[in-house]
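J.: Below is the structure I would like to discuss, written out as structure tokens.
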Amino acid sequence: MPTVEAIMEALANIVDPELGLDFVELGLIYGVDVDAGAVHVTYSLTAPGCPIAHIVPEQIEEFVTEVEGVESVTSELVFTPSWTLDKMSEDAKFALGF
């Protein structure tokens, strides 16, 4: 069975091209649920008009299906709670000068 840690590692391959940091470091992954081989990812964006919004679900599916034991992947975009700078890792804050 895939682990949440393995899924998060796979999700770290999704990079926000404007900021140059991955979705995990940016705190945009709000949740990962694993039920046997089925994975559901809840995520957000830095802004509703994010120019890569349309490809994020495709990238989630692409990278997560590469994890051993994953049979299906679903994702859900949410804006509640709103993404804020405090959701970023300390490394991301440092890289962006916060």
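The values are calculated or read from the model by the stated rules, or taken from the named source; none is laboratory data. The structure presented is a predicted model; accordingly, all values stated were derived computationally and were not measured. FYI the Cβ positions are ideal-geometry reconstructions off the backbone, even for glycines, and counts take in every protein chain you see. Just the protein is used for accessible areas: all its heavy atoms, side chains included, with ligands, DNA and RNA removed. Shrake-Rupley method; radii C 1.70, N 1.55, O 1.52, S 1.80 Å.
J.: What would the Debye equation give as log₁₀ I(q)/I(0) for region 39-98 at q = 0.15, 0.24 Å⁻¹, counting only Cα atoms as equal point scatterers?
T.: The computed values of log10 I(q)/I(0) come out as -0.58, -1.03.
J.: For 43, 30, give me the order by solvent-accessible area with a 1.4 Å probe, most accessible first, ignoring ligands, DNA and RNA.
T.: Accessible-area ranking of 43, 30, largest first: 30, 43.
J.: I need to check one value: relative contact order of the chain, counting alpha carbon pairs closer than 8 Å and at least 6 residues apart, in percent.
T.: Taking the mean separation of contacting Cα pairs over the length of the chain, I get 32 percent.
J.: Does region 1-91 come out rounded, prolate or oblate by the C-alpha gyration tensor, with a ≥ b ≥ c the root eigenvalues, rounded set by a/c under 1.5 and, if not, prolate when a/b is larger than b/c and oblate if not?
T.: The shape class here is prolate.
J.: Taking the Cα centre of the chain as origin, work out the dipole magnitude from +1 charges on Lys and Arg Cβ and -1 charges on Asp and Glu Cβ, in debye rounded to 20.
T.: Computed about the Cα centre, the dipole is about 380 debye.
J.: Output wanted: per-residue J couplings in Hz (rounded whole) for region 27-38, from phi through Karplus 6.51 cos²θ - 1.76 cosθ + 1.60, θ = phi - 60°, x for Gly and Pro.
T.: After applying 6.51 cos²θ - 1.76 cosθ + 1.60, I find x, 8, 8, 8, x, 10, 10, 10, 10, 6, x, 9 Hz.
J.: Averaged per residue, what accessible surface does the chain expose to a 1.4 Å probe, in Å²?
T.: Result: 56 Å² of accessible area for each residue.
J.: A further question on this structure: Can you give the % of DSSP beta bridges in the chain that are antiparallel, to the nearest 5?
T.: For the chain, the DSSP antiparallel bridge percentage is about 55.
J.: Sticking with this one: What distance in nm separates the two pseudo spin-label positions at residue 66 and residue 13, each 7 Å out from Cα along the beta-carbon direction?
T.: Those two pseudo-labels are separated by 0.2 nm.
J.: Between residue 52 and residue 91, take the C-beta separation as r, use R0 = 25 Å, and let me know the FRET efficiency to the nearest 0.05.
T.: It comes to 0.75.
J.: Can you pull the percent of region 22-72's accessible area that's carbon plus sulfur, 1.4 Å probe, other chains left in place?
T.: Answer for region 22-72 is 47 percent, counting heavy atoms of protein chains only.
J.: Please give the per residue volume of the convex hull enclosing the alpha carbon atoms of region 8-52, rounded to a whole number of Å³.
T.: Details: hull volume 3.4 nm³, N = 45.
Enclosed volume per residue, from the Cα hull, is 76 Å³.
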